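The values are calculated or read from the model by the stated rules, or taken from the named source; none is laboratory data. Keep in mind it's a predicted model, so treat the numbers as computed, not measured. Here the Cβ positions follow ideal geometry from the backbone for every residue, glycine too, while neighbour counts run over all protein chains shown. When the accessible area is computed, the model is the full protein with side chains, heavy atoms only, and any ligands, DNA or RNA have been set aside. Shrake-Rupley method; radii C 1.70, N 1.55, O 1.52, S 1.80 Å.
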Amino acid sequence: MSDFREDGAAALEWAARYLERVEELPVLAQVQPGELSARLPASPPQEAEPFAAVLRDLDELLLPAFTNWQHPRFFAYFAVTASEPGILAELLAATLNQVAIVWRASPASTELELRVVDWVRQLLGLPEGWHGHIEDTASTSTLAALIAARHVTGRNVVVCSEHAHSSVEKDARMLGMELRRVPADDELRMRVDGYDLDDVAAVVATVGTTSFASVDPVRELAERAHAAGAWLHVDAAYAGSSWICEEERWSADGVELADSLVLNPHKWLLVPMDCSLLWTARPDEFREAFTLTPEYLRTADDAFALADYGPALGRRFRSLKLWAVLRCYGAEGLRAIMREHVRLAELFAGWVAESDDWELVAPQRFSLVVFRRHGSDSENEELLSRVNASGEIFISHTKLDGRYVLRLAIGNARTTEADVRRAWDVLNKEAGR
Ligand SMILES: Cc1ncc(COP(=O)(O)O)c(C=O)c1O
């Protein structure tokens with residue numbers, strides 16, 4: 001155990017120093033594909049090495065190959081934060097190594113999960129009585145929802161917006177379900193009519209699309225889906241967290257009608273990857289779709305088996321980090337960070353809107369700004385390459401009506417106004433080259 005203490009102290013020191021100096025590292029890994037592979041030993045070690053050797057190689061081999069998601073100027077995809085309480089809770093969860101296959105295999109993991117997921121439900125203003133549990137990712141949560149929808153309806157078609165996340169398409173494909181993508185309106189919201197729902201198992205509405213953070217008309221979609229006997233699943237993986245702030249609840253309109261809803265605390269709620277919350281208003285039917293208890297797991301006390309709500313049997317102790325984050329920040333602490341992110345996004349969007357050289361290409365929502373430089377697609381694409389190669393900021397792109405557009409997403413708790421200002425300066429400097 002003395003090695004464990006010593007190595008543990010060294011690992012924690014590594015983690016603390018990393019977080020202190022992450023800002024000095026390039027945001028996007030400045031390596032070529034295969035560069036790290038060429039430096040990693042091709043065959044496994046035969047003899048034991050000290051843990052210190054692992055830490056040394058973390059610095060010497062791996063560090064240059066990290067894209068630093070904890071960097072305050074990470075603005076790509078959806079920027080995230082692994083907060084300190086969440087990091088420490090992950091260490092403890094690994095220490096405890098709970099494998100929550102049935103209630104008795106980990107009463108603590110099972111009951112804490114039910115309680116903290118319900119805390120989040122309350123903070124977001126979602127309906128009482130919904131059953132919530134934790135999956136690894138939104139891809140899995142939506143997969144589970146589609147399985148339940150197919151089970152309940154006996155139908156095999158999924159309908160979503162042209163802007164829905166690719167995970168919906170991948171899930172449908174894995175399930176052998178047919179996917180129909182529906183066009184969006186001028187504000188990038190899924191259209192409510194102009195298509196039939198008679199043979200549809202599930203309609204997937206998105207609150208906060210990945211490309212544009214647009215918000216589908218959930219209420220109208222839910223009403224139409226239910227009238228046609230279909231299931232309504234809401235993908236609020238990114239933007240749902242914002243509902244802890246009253247002023248963002250406009251985007252939750254109608255979600256109380258959902259049959260299921262996914263939200264990722266690993267996106268905008270300071271919880272380290274991975275943690276995806278899946279609620280359902282129809283827990284009995286959900287359980288029917290998933291329950292399969294082999295003899296060796298039968299017990300008299302299996303009332304809370306969370307494996308009955310999704311694909312996995314063995315379940316990680318993810319609730320510990322969510323619990324730690326909720327307690328160590330409190331709802332007010334989380335709101336303050338989220339409001340600052342929204343303020344910074346609005347500030348950046350204002351600079352874009354006021355400039356003669358740039359344009360906003362989608363209505364600014366939550367903490368995402370979608371914009372482009374006046375000029376051709378290839379000019380914008382080359383600009384993105386140059387700013388990311390600078391290592392100073394990392395942004396990503398998408399396409400709108402075939403045009404190449406840039407995305408700046410704010411979601412790291414360390415991001416300050418100075419970081420956003422720097423992003424604007426880097427973009428302008430590189431555009432001027
Ligand atoms: C709206 C939305 N849904 C689903 C996903 C997939 O999330 P995950 O990586 O947790 O599967 C994403 C990822 O960014 C997303 O933005």
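Go over the candidates Val120, Val31, Val27, Val22 one by one and state the one that is within 22 Å of His133 (Cβ to Cβ) and either surrounded by 13 or more Cβ atoms within 10 Å (Cβ to Cβ) or within 16 Å of the ligand (Cβ to nearest atom) (or both).
Going through Val120, Val31, Val27, Val22 in turn, the sole match is Val120.
Criterion first (in contact (Cβ under 8 Å) with a residue 24 or more places away in the chain and in a loop (DSSP other than H, G, I, E, B)) does Gly375 satisfy it?
Answer is no for this residue.
Residue under question is Leu344, and the condition is that it be surrounded by 13 or more Cβ atoms within 10 Å (Cβ to Cβ) and part of a strand (DSSP E or B); does it hold?
Taking the combined requirement at face value, the residue does not satisfy it.
Out of all the residues in region 251-277, which are within 25 Å of Ala230 (Cβ to Cβ) and assigned to a helix (DSSP H, G or I)?
Ser251, Ala252, Val255, Glu256, Leu257
Which residue is surrounded by the fewest Cβ atoms within 10 Å (Cβ to Cβ), if the candidates are limited to region 145-165 and must be within 12 Å of the ligand (Cβ to nearest atom) and closer than 26 Å to Leu322 by Cα?
My answer is His165.
Kindly indicate whether any position in region 200-209 is part of a loop (DSSP other than H, G, I, E, B), open to solvent by 50 Å² or more (accessible area, probe 1.4 Å), within 15 Å of the ligand (Cβ to nearest atom) and within 27 Å of Val361 (Cα to Cα).
No, region 200-209 contains no residue that is part of a loop (DSSP other than H, G, I, E, B), open to solvent by 50 Å² or more (accessible area, probe 1.4 Å), within 15 Å of the ligand (Cβ to nearest atom) and within 27 Å of Val361 (Cα to Cα).
Applying the selection to region 217-234, what residues are within 12 Å of Ala202 (Cβ to Cβ) and either among the basic types (Lys, Arg) or within 15 Å of the ligand (Cβ to nearest atom) (or both)?
His233, Val234
Inspect all residues belonging to region 296-307 and state whether any of them is away from the ligand (no atom under 16 Å from the Cβ), at pLDDT 95 or above and either open to solvent by 50 Å² or more (accessible area, probe 1.4 Å) or under 21 Å from the mean Cα position of the chain (by Cα) (or both).
no
Those residues that are within 14 Å of the ligand (Cβ to nearest atom) and in a loop (DSSP other than H, G, I, E, B), I need them from region 167-188; list them, please.
Leu188
With Gly86, Gly129 as the choices, which residue is open to solvent by 40 Å² or more (accessible area, probe 1.4 Å) and either assigned to a loop (DSSP other than H, G, I, E, B) or out of contact with any Ser or Thr (no Cβ under 9 Å at 6 or more places or on another chain) (or both)?
Gly129
Which condition number does Met273 fail, the rest of (1) within 16 Å of the ligand (Cβ to nearest atom); (2) in contact with a strand residue (DSSP E or B) (Cβ under 6 Å, 6 or more places away or on another chain) being met?
That leaves (2) as the condition not met.
For the condition at pLDDT 95 or above, hydroxyl-bearing (Ser, Thr, Tyr) and open to solvent by 20 Å² or more (accessible area, probe 1.4 Å), what is the one hit in Ser367, Ser390, Ser396?
Sole residue among the options that is at pLDDT 95 or above, hydroxyl-bearing (Ser, Thr, Tyr) and open to solvent by 20 Å² or more (accessible area, probe 1.4 Å): Ser390.
List, please: which pairs have Cβ atoms under 6 Å, are six or more places apart or on different chains, and start with a residue in region 127-138 that is farther than 10 Å from His266 by Cβ and end with one that is hydroxyl-bearing (Ser, Thr, Tyr) and within 12 Å of the ligand (Cβ to nearest atom)?
Final answer for the pair search is Glu135/Ser141; Glu135/Ser276.
Please find, among Val31, Val54, Val22, the residue that is in contact with a His (Cβ under 8 Å, 6 or more places away or on another chain) and either at pLDDT 95 or above or within 30 Å of Ala345 (Cα to Cα) (or both).
Val22
Among the residues of region 378-398, count how many are assigned to a helix (DSSP H, G or I) and within 30 Å of Arg21 (Cβ to Cβ).
Count: 7.
Only one of Val387, Val370 is out of contact with any Lys or Arg (no Cβ under 7 Å at 6 or more places or on another chain) and aliphatic (A, V, I, L, M). Can you tell me which?
That would be Val387, the only listed residue that is out of contact with any Lys or Arg (no Cβ under 7 Å at 6 or more places or on another chain) and aliphatic (A, V, I, L, M).
Quick check, is Ala100 touching a residue at least 60 places away in the same chain (Cβ under 8 Å) and either more than 16 Å from the ligand (Cβ to nearest atom) or in a helix (DSSP H, G or I) (or both)?
Judged against the criteria, Ala100 is a match.
Only one of these is surrounded by 20 or more Cβ atoms within 10 Å (Cβ to Cβ) and among the charged types (D, E, K, R): Arg104, Arg56, Arg73, Arg115. Name it.
Of the residues listed, the single one that is surrounded by 20 or more Cβ atoms within 10 Å (Cβ to Cβ) and among the charged types (D, E, K, R) is Arg73.
Yes or no: Leu112 over 26 Å from Leu297 (Cα atoms), in a helix (DSSP H, G or I) and aliphatic (A, V, I, L, M)?
no
Out of curiosity, is Ala237 crowded, with 24+ Cβ neighbours inside 10 Å and either more than 10 Å from the ligand (Cβ to nearest atom) or farther than 22 Å from Arg335 by Cα (or both)?
no
Could you count how many residues in region 395-433 are under 21 Å from the mean Cα position of the chain (by Cα) and under 30 Å from Pro183 (Cα atoms)?
11
In the list Val369, Val361, Val426, Val342, which residue meets the criterion of being under 24 Å from Asp216 (Cβ atoms) and touching a Ser or Thr at 6+ places or on another chain (Cβ under 7 Å)?
Of the residues listed, the single one that is under 24 Å from Asp216 (Cβ atoms) and touching a Ser or Thr at 6+ places or on another chain (Cβ under 7 Å) is Val342.
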